[in-house]
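The values are calculated or read from the model by the stated rules, or taken from the named source; none is laboratory data. Note that this is a predicted model, so its numbers are computed, not measured. Cβ placement follows ideal geometry from the backbone for every residue including glycine, while neighbour counts extend to all protein chains displayed.
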Amino acid sequence: MKKVLIASLALMGSIGLCSTALGAITGTAHDFSASGWSQGQICIPCHAPHNNNNTSGELLWNHEVTTATYTLYGSTTFDAVDADQPGGVSKLCLSCHDGTVAIDSFGGASGGTMITGDRNFGIDMGNDHPVSFTYDTTLATTDGYLVDPNTLPDTVKMFDGKMECASCHDVHNKHNQNALLNIGNGGSALCLTCHLK
Ligand code: HEC
Ligand code: HEC
Ligand code: HEC
Ligand code: HEC
């Protein structure tokens, strides 16, 4: 009986491990350690422990921050009340993904390697899922087809109560999904986490 119990506990343990296996940034699109300009490191283009390029005082941010002004998303049914220029952590993503700042502009040096292809969104955010607006219970009620954000799983977290790029993605590939998503989008599972459609 004891052996059976131990065996089943071990089995439960390994299943648990499989289902919660964390991904890692190593080898992903954000691992620039093989580029000549990265000093062979992974974190340094974005964070540095000391003497970083930090202007906001947060995240030990070491990358040059974009100053672009964007064309914003808009529609007659968009209910968010404070949608404005991308800020917070989304602005950090756009500091490479809007194509105005070089990927290797960090640590105070200006680089020259620009992002290309579909990964370069440009400064027109009108055809991208909106970000940097408050997603609270009031918005869910007004819209009528949104999950109350207080009941969302931790995987799609808000930042200061706002929806950001990192609500859907983890730049460090924490969840080991395609396109660095926080929840895999097979069957549109990511979309259905928030949208009651
Ligand atoms: C391509 C840029 C980039 C790289 C490379 C990167 N990060 Fe980040 N990191 C970010 C951004 C953007 C955020 C804020 C968004 C978020 O929290 O997901 C962040 C947030 C964090 C945070 C605070 C939030 C949390 O999840 O705990 C820590 C700690 C962190 N990074 C550590 C690291 C370490 C350690 C490395 C290297 C192994 C690394 N990062 C590599 C961009 C990067
Ligand atoms: C230091 C510059 C930099 C920063 C900061 C950065 N990225 Fe990237 N990202 C890149 C580059 C370069 C690529 C790969 C482009 C390529 O290979 O075509 C990429 C690729 C991606 C991809 C595609 C990955 C795949 O496997 O398909 C996603 C998704 C992504 N980034 C999201 C983010 C998000 C979200 C943030 C902020 C939380 C962020 N990035 C911050 C430079 C950056
Ligand atoms: C509402 C969720 C959501 C938000 C918010 C979001 N993304 Fe994505 N993103 C996705 C999904 C889903 C995909 C995969 C699309 C596909 O495979 O066609 C994706 C794909 C990408 C890609 C890969 C290129 C491509 O077109 O396939 C990049 C780069 C990216 N996102 C960066 C960002 C950045 C930067 C932000 C913030 C400005 C952001 N994302 C905000 C859901 C989101
Ligand atoms: C983390 C939560 C979250 C996820 C995941 C998410 N969305 Fe959204 N989405 C929102 C919120 C909140 C709004 C703002 C709704 C509003 O203000 O009308 C929004 C807005 C939109 C809009 C614009 C609605 C309008 O009235 O103009 C569309 C379309 C949309 N999302 C589609 C998607 C799709 C497709 C996916 C999956 C790839 C997705 N969303 C994933 C939270 C999310």
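So in the range 94-111, with the set limited to residues that are small (Gly, Ala, Ser) and touching a residue at least 40 places away in the same chain (Cβ under 8 Å), which one is farthest from His50 (Cα to Cα)?
Gly111
Which of the residues that make up the range 82-115 are exposed (fewer than 11 other Cβ atoms within 10 Å of the Cβ) and modelled with pLDDT of 95 or more?
Across the range 82-115, the qualifying residues are Asp82, Asp84, Gly112.
Conditions (1) away from ligand 1 (no atom under 15 Å from the Cβ); (2) closer than 30 Å to His30 by Cα; (3) not small (Gly, Ala, Ser), marked per residue:
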{"site": "Ala140", "(1), (2), (3)": "yes, no, no"}
{"site": "Gly144", "(1), (2), (3)": "yes, no, no"}
{"site": "Val147", "(1), (2), (3)": "yes, no, yes"}
{"site": "Ala179", "(1), (2), (3)": "no, yes, no"}
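Pick from Asp124, Asp128: which is within 16 Å of ligand 2 (Cβ to nearest atom), out of contact with any Cys (no Cβ under 7 Å at 6 or more places or on another chain) and closer than 23 Å to Thr67 by Cα?
Selected residue: Asp128, the only one of Asp124, Asp128 that is within 16 Å of ligand 2 (Cβ to nearest atom), out of contact with any Cys (no Cβ under 7 Å at 6 or more places or on another chain) and closer than 23 Å to Thr67 by Cα.
Which residues, counting only those in the range 57-75, are in a loop (DSSP other than H, G, I, E, B), out of contact with any Phe, Trp or Tyr (no Cβ under 7 Å at 6 or more places or on another chain), surrounded by 11 or more Cβ atoms within 10 Å (Cβ to Cβ) and polar (S, T, N, Q)?
Once the filter is applied, which keeps residues that are in a loop (DSSP other than H, G, I, E, B), out of contact with any Phe, Trp or Tyr (no Cβ under 7 Å at 6 or more places or on another chain), surrounded by 11 or more Cβ atoms within 10 Å (Cβ to Cβ) and polar (S, T, N, Q), the range 57-75 yields only Thr66.
Look through the range 116-129, keep the residues that are among the hydrophobic types (A, V, I, L, M, F, W, C) and within 17 Å of the chain's Cα centre (by Cα), and return whichever of them is surrounded by the most Cβ atoms within 10 Å (Cβ to Cβ).
Restricting to residues being among the hydrophobic types (A, V, I, L, M, F, W, C) and within 17 Å of the chain's Cα centre (by Cα), the top hit is Met125.
Is it true that Val131 is more than 30 Å from Gln39 (Cβ to Cβ) and within 16 Å of ligand 1 (Cβ to nearest atom)?
Yes; evaluated as a whole, the condition is true for this residue.
Restricting to the range 164-178, what's the tally of residues that are touching a Phe, Trp or Tyr at 6+ places or on another chain (Cβ under 9 Å) and within 6 Å of ligand 3 (Cβ to nearest atom)?
Count: 1.
What tally of residues in the range 157-195 results from selecting those that are in contact with a Gly (Cβ under 7 Å, 6 or more places away or on another chain) and loosely packed, with under 14 Cβ neighbours inside 10 Å?
Summing the residues that are in contact with a Gly (Cβ under 7 Å, 6 or more places away or on another chain) and loosely packed, with under 14 Cβ neighbours inside 10 Å in the range 157-195 gives 2.
Please indicate, with yes or no, whether at least one residue in the range 130-142 is within 14 Å of the chain's Cα centre (by Cα), of a type outside the set (Gly, Ala, Ser), part of a loop (DSSP other than H, G, I, E, B) and surrounded by 15 or more Cβ atoms within 10 Å (Cβ to Cβ).
Yes, the range 130-142 contains a residue that is within 14 Å of the chain's Cα centre (by Cα), of a type outside the set (Gly, Ala, Ser), part of a loop (DSSP other than H, G, I, E, B) and surrounded by 15 or more Cβ atoms within 10 Å (Cβ to Cβ).
Residues being closer than 26 Å to His47 by Cα and either at pLDDT below 95 or in contact with an Asp or Glu (Cβ under 7 Å, 6 or more places away or on another chain) (or both): count how many of those fall in the range 119-152.
6
Can you report the number of residues in the range 131-157 which are in contact with a helix residue (DSSP H, G or I) (Cβ under 6 Å, 6 or more places away or on another chain) and of a type outside the set (Asp, Glu)?
6
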